[in-house]
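**Student:** I am attaching a structure below and will ask some questions about it afterwards.
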Amino acid sequence: MPRILLIKTSSLGDVVHNLPVVADIVAALPDVTIDWVVEEAFAGIPRLHPRVSRVLPVAVRRWRRALWHPAVWGEIRAFFGHLRDQSYDAVIDSQGLLKSAWIAGVARGVSHGLDRASSREPLGLFYDHRHPVPWGQHAVERNRQLAAQALGYTVSAPVQYGISAAAQTFAWLDNRRPHAVLLHATSADRKLWPEERWIALGQALAAQGISSVLPWGTAAEHERSLRLMQKIPQAVVPERLDIAALAALLAQARVVVGTDTGLTHLAGALGVPTVGIYCATDPAATGLYACARGVNLGGVGKAPVVGEVVAAVKSVIK
């Protein structure tokens, strides 16, 4: 039985974009066992996939902030001990960064990564085999092509994310009304959609009998959620939710509207009606992709207006 290790550590959206690789590998190697190395904060994503056997959380982001601390070195040794207690027929690093190439080089197995022309960093010394994957494609397709070259199959099937979320009950959510999840937060200010537009959208949803849920992750995002809630009828600001709870919330939503952030991609991957709002990035490269009920709006310097978003919401939920 072949055993494959996937290395895609971060960020949340990038991890979601690597999920279709699992279905591709399973189609080519039905009896395969697949393990996955991922940053601890995003470990809940590969755990949503029934064909991912072992998830190995890594904490590079946290470790590098406290390398002087003995406990950190203990965690690092423990991680590499777990990593090396299993040998692999192939180790595929689709992250293409120094931190992930380092992990690929330590893992027990034949390692595969991007060649110099396909990667942002010169990583060839870390891999046994290097593969060309042209730029200018969506991230999902780049991941799929790298894995296909590493394992010797052809990518031909439609994209399958292959995940589902376990149902959860939220005491703070009124299940008598359908809800929308408004994902206003993102990793950079330039990607934010103006607050007044979120308010107008939330008011339009309320007029249709749809309440708005405003998740958050940081203190600043919590404050923004509270500001929006004050002006959106029937809006709710939940407690801080982990990945499993967020996935359940998204899966139960009537519609999800979000900026260029990983949770928006997660909603699309779960098959939820989803509208992606792009203000500073190109959705052709990293937008919602192959989502049956997903729509991308905007682009670099082209933030969509409220009417466009409302129309898109109507198109995906009808």
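For every residue, the table says whether it meets (1) within 29 Å of Ala247 (Cα to Cα); (2) surrounded by fewer than 16 Cβ atoms within 10 Å (Cβ to Cβ); (3) at pLDDT below 95; (4) of a type outside the set (Gly, Ala, Ser).
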position: Leu48; (1), (2), (3), (4): yes, no, no, yes
position: Trp73; (1), (2), (3), (4): no, yes, yes, yes
position: Phe79; (1), (2), (3), (4): yes, no, no, yes
position: Gly113; (1), (2), (3), (4): no, no, no, no
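**Student:** Check off (1) assigned by TED's automatic domain parsing to the domain that holds Val15; (2) modelled with pLDDT of 95 or more; (3) among the hydroxyl-bearing types (Ser, Thr, Tyr); (4) out of contact with any His (no Cβ under 8 Å at 6 or more places or on another chain) for Ser119 and give me the number that stays unchecked.
**Tutor:** If we test Ser119 against (1) assigned by TED's automatic domain parsing to the domain that holds Val15; (2) modelled with pLDDT of 95 or more; (3) among the hydroxyl-bearing types (Ser, Thr, Tyr); (4) out of contact with any His (no Cβ under 8 Å at 6 or more places or on another chain), just (2) comes out false.
**Student:** Mind checking whether some residue in the range 87-101 is of a type in the set (D, E, K, R), in contact with a strand residue (DSSP E or B) (Cβ under 8 Å, 6 or more places away or on another chain), part of a helix (DSSP H, G or I) and more than 26 Å from Ser156 (Cβ to Cβ)?
**Tutor:** No - not one qualifying residue is present in the range 87-101.
**Student:** Still on this structure, I have one more. Is it the case, given these coordinates, that Val256 is in contact (Cβ under 8 Å) with a residue 40 or more places away in the chain, surrounded by 15 or more Cβ atoms within 10 Å (Cβ to Cβ), touching a strand residue (DSSP E or B) at 6+ places or on another chain (Cβ under 7 Å) and over 18 Å from Leu297 (Cα atoms)?
**Tutor:** When the stated conditions are applied, Val256 does not pass them.
**Student:** Could you name every one of the helices (runs of 4 or more DSSP H) located completely within the range 223-318 that has at least 3 residues being modelled with pLDDT under 95 and not assigned by TED's automatic domain parsing to the domain that holds Ala139?
**Tutor:** 283-286
**Student:** Still on this model: Scan the range 204-212 and tell me whether some residue there is touching a residue at least 40 places away in the same chain (Cβ under 8 Å), within 21 Å of Lys314 (Cα to Cα) and assigned to a loop (DSSP other than H, G, I, E, B).
**Tutor:** yes
**Student:** Pick out the one residue from Ala235, Ala220, Ala312 that is touching a residue at least 12 places away in the same chain (Cβ under 8 Å), over 27 Å from Glu141 (Cα atoms) and more than 21 Å from the chain's Cα centre (by Cα).
**Tutor:** Ala235
**Student:** Go through Leu173, Leu146, Leu125 for me and flag whichever is surrounded by fewer than 17 Cβ atoms within 10 Å (Cβ to Cβ), of a type outside the set (Ser, Thr, Tyr), in a helix (DSSP H, G or I) and not assigned by TED's automatic domain parsing to the domain that holds Val257.
**Tutor:** Answer to the check: Leu125.
**Student:** Here is a follow-up. Which of the numbered conditions does Ser53 fail, given that it passes all the others? Conditions: (1) under 26 Å from the mean Cα position of the chain (by Cα); (2) of a type in the set (Ser, Thr, Tyr); (3) surrounded by fewer than 16 Cβ atoms within 10 Å (Cβ to Cβ); (4) within 22 Å of His131 (Cβ to Cβ).
**Tutor:** Of everything listed in (1) under 26 Å from the mean Cα position of the chain (by Cα); (2) of a type in the set (Ser, Thr, Tyr); (3) surrounded by fewer than 16 Cβ atoms within 10 Å (Cβ to Cβ); (4) within 22 Å of His131 (Cβ to Cβ), Ser53 misses just condition (4).
**Student:** Considering only residues that are under 17 Å from Arg197 (Cα atoms) and touching a Lys or Arg at 6+ places or on another chain (Cβ under 8 Å), which ones fall in the range 275-302?
**Tutor:** Once the filter is applied, which keeps residues that are under 17 Å from Arg197 (Cα atoms) and touching a Lys or Arg at 6+ places or on another chain (Cβ under 8 Å), the range 275-302 yields Tyr278, Cys279, Ala280.
**Student:** Answer yes if at least one residue in the range 18-30 is of a type outside the set (Asp, Glu), outside any helix (DSSP H, G or I) and modelled with pLDDT of 95 or more, and no otherwise.
**Tutor:** Yes: the range 18-30 contains one or more residues that are of a type outside the set (Asp, Glu), outside any helix (DSSP H, G or I) and modelled with pLDDT of 95 or more.
**Student:** Residue pairs, Cβ under 7 Å, 6 or more apart or interchain, first in the range 1-23 and surrounded by 24 or more Cβ atoms within 10 Å (Cβ to Cβ), second basic (Lys, Arg) and assigned to a loop (DSSP other than H, G, I, E, B). List them.
**Tutor:** Val15/Lys8; Asn18/Lys8; Val22/Arg51
**Student:** Mind counting the residues in the range 176-190 that are of a type in the set (A, V, I, L, M, F, W, C), part of a loop (DSSP other than H, G, I, E, B) and within 19 Å of Ile317 (Cβ to Cβ)?
**Tutor:** 0
**Student:** Quick check, is Asp128 in contact with a Ser or Thr (Cβ under 7 Å, 6 or more places away or on another chain) and at pLDDT below 95?
**Tutor:** Judged against the criteria, Asp128 is not a match.
**Student:** Among the listed residues Ala267, Ala280, Ala284, identify the single one that is in contact (Cβ under 8 Å) with a residue 60 or more places away in the chain and crowded, with 21+ Cβ neighbours inside 10 Å.
**Tutor:** Only one candidate passes the filter, namely Ala267.
**Student:** Identify all residues within the range 149-170 that are of a type in the set (A, V, I, L, M) and in a loop (DSSP other than H, G, I, E, B); write none if there are none.
**Tutor:** Val155, Ala157, Val159, Ile163, Ala165, Ala166, Ala167
The values are calculated or read from the model by the stated rules, or taken from the named source; none is laboratory data. Being a predicted model, the structure only gives us computed values, none of them experimental. In this analysis, Cβ positions are derived from the backbone assuming ideal geometry, glycine residues included, and neighbour counts consider all displayed protein chains.
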